[in-house]
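Just below is one structure, and these are the notes that go with it.
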Amino acid sequence: VDDELCTTRAQSHLTKQQRADDATSVPMPPAKPELMRVGAVPIYAIDSMVRRATALQSTPLAESLRVYLHPDEARQRGFNAGDTVQVAQGDSVATGIIALDPATAIGTVRIPAAVRGSELLGMQIGAVTLTAIAQQGGDA
């Protein structure tokens, strides 16, 4: 920390332009970094018995492979509700439909585990990238 402070003090004599030029030489992160997957297991996907129970799978609590994004995150990335996206997690790839959920944290994507299609992905928590396949249109 002392070295960093000394360096900062030594650079304080630089002009605004020199400091700005120096700041632009720092590598910037990509415009749209990966998202962090949060893959909770839905209540009616917890085991094979409930996954095969027709009555339970017809309730609103039975989730399918959806890609849940915060509306602001979706808008920033150019996605709308209903868009079909390719989800890449390492060497694994799956296809899902975008759903907007204000309870999903910015920088994360909720993709349920233990539902049909999720077996194509990797770990329940990990970095993923989304690529649009087909856009539904409209506002995110």
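Residues of region 78-91 that are of a type in the set (Val, Ile, Thr) and either crowded, with 20+ Cβ neighbours inside 10 Å or within 14 Å of the chain's Cα centre (by Cα) (or both): Val85, Val87. Among the residues of region 61-77, none is identified as more than 13 Å from the chain's Cα centre (by Cα) and modelled with pLDDT of 95 or more.
Can you tell me which of Ile111, Ile98, Ile106 is under 13 Å from the mean Cα position of the chain (by Cα), under 19 Å from Gly39 (Cβ atoms) and surrounded by fewer than 17 Cβ atoms within 10 Å (Cβ to Cβ)?
On the way: Ile111 fails: surrounded by fewer than 17 Cβ atoms within 10 Å (Cβ to Cβ); Ile98 fails: surrounded by fewer than 17 Cβ atoms within 10 Å (Cβ to Cβ).
Matching residue, one of Ile111, Ile98, Ile106: Ile106.
When Ala114, Ala31, Ala105 are checked against the criterion of being closer than 18 Å to Thr129 by Cα, assigned to a loop (DSSP other than H, G, I, E, B), small (Gly, Ala, Ser) and at pLDDT 90 or above, Ala105 stands alone in meeting it. Sub-6 Å Cβ pairs linking a first residue in region 42-69 that is in a helix (DSSP H, G or I) to a second residue that is open to solvent by 60 Å² or more (accessible area, probe 1.4 Å), at least 6 apart or interchain, are Ile43/Leu61; Tyr44/Leu61; Ala45/Arg51, ordered by first then second residue.
The values are calculated or read from the model by the stated rules, or taken from the named source; none is laboratory data. Since the model is a prediction, treat every value here as computed from it, not as a measurement. Cβ: placed from backbone, ideal geometry, glycine included. Neighbour counts: every protein chain shown. Note: areas computed on protein heavy atoms with side chains; ligands, DNA, RNA excluded. Shrake-Rupley method; radii C 1.70, N 1.55, O 1.52, S 1.80 Å.
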